[in-house]
Amino acid sequence: MPDRIATTRWTGDLTTGSGTVTLVSSGAGGFTFSLPTRAGEPNGQTSPEELVAAAHSACYSMQLSALLTAAGTPPERIDTTVTVSQNPRDGAYLITEIRVAVLAAVPGADAEGFRRAAEKAKETCPVSVALGGTVITLDAELEQVPA
């Protein structure tokens with residue numbers, strides 16, 4: 001797989017400065033951020049935590065799709081929401097919890113098989129593995145679809 005590249009330019013001090021993250025590999029654009037919008041209301045800006053949430057939700061969805069397909073029950077749809085919480089600990093602000101919520105429509109899947117795949121996706125998605133020092137919780141729900 002090819003490397004993926006993002007760059008950041010930060011100008012100014014921490015409290016009054018701001019930055020732009022640019023997604024170089026995809027060319028998908030640049031996103032501004034600052035401490036006031038990171039610590040408070042986003043006001044149209046992103047944050048490192050939101051970017052982690054985006055990466056995790058995308059990775060998790062793809063991993064779950066692969067596992068369900070390998071089990072013979074390809075998904076019709078997977079909706080994943082990842083919430084990243086940052087809290088003070090040991091005198092610093094750290095990412096202390098990541099919550100993954102998934103609702104999927106998977107024709108032919110039973111609840112137990114889906115739950116096993118959802119847990120395995122949480123454990124094996126590359127972003128989950130990279131964030132292994134953080135508590136990651138999962139709420140997985142299988143949507144009932146007509147057979």
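The values are calculated or read from the model by the stated rules, or taken from the named source; none is laboratory data. Here the structure is a predicted model, which means the values were calculated and not measured. No Cβ is skipped: glycine too gets one built from the backbone with ideal geometry, and neighbour counts run over all protein chains shown.
Overview of results
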{"item": "Qualifying residue in the stretch 17-34 (condition: aliphatic (A, V, I, L, M) and touching a residue at least 24 places away in the same chain (Cβ under 8 Å))", "result": "yes"}
{"item": "Selected residue (criterion: modelled with the highest pLDDT) from residues of the stretch 114-137 that are buried (at least 17 other Cβ atoms within 10 Å of the Cβ) and farther than 13 Å from Ser61 by Cβ", "result": "Phe114"}
{"item": "Total residues in the stretch 31-49, condition assigned to a strand (DSSP E or B) and exposed (fewer than 15 other Cβ atoms within 10 Å of the Cβ)", "result": "1"}
{"item": "The listed residue being at pLDDT 95 or above, in a strand (DSSP E or B) and more than 19 Å from Val129 (Cα to Cα), out of Thr83, Thr73, Thr8", "result": "Thr8"}
{"item": "Hey, Leu68 in contact with a Pro (Cβ under 6 Å, 6 or more places away or on another chain), in contact (Cβ under 8 Å) with a residue 24 or more places away in the chain and among the hydrophobic types (A, V, I, L, M, F, W, C) or not", "result": "yes"}
{"item": "Qualifying residue in the stretch 45-52 (condition: out of contact with any Lys or Arg (no Cβ under 6 Å at 6 or more places or on another chain) and small (Gly, Ala, Ser))", "result": "no"}
{"item": "Test for Val52: is it assigned to a strand (DSSP E or B) and modelled with pLDDT of 95 or more", "result": "no"}
{"item": "Val84 vs. criteria β-branched (Val, Ile, Thr) and either without any contact (Cβ under 8 Å) to a residue 12 or more places away in the chain or surrounded by 17 or more Cβ atoms within 10 Å (Cβ to Cβ) (or both)", "result": "yes"}
{"item": "Condition check for Arg38: without any contact (Cβ under 8 Å) to a residue 12 or more places away in the chain, under 19 Å from Gly19 (Cα atoms) and basic (Lys, Arg)", "result": "yes"}
{"item": "Those residues of the stretch 86-113 which are more than 21 Å from the chain's Cα centre (by Cα), assigned to a strand (DSSP E or B) and modelled with pLDDT of 95 or more, in sequence order", "result": "none"}
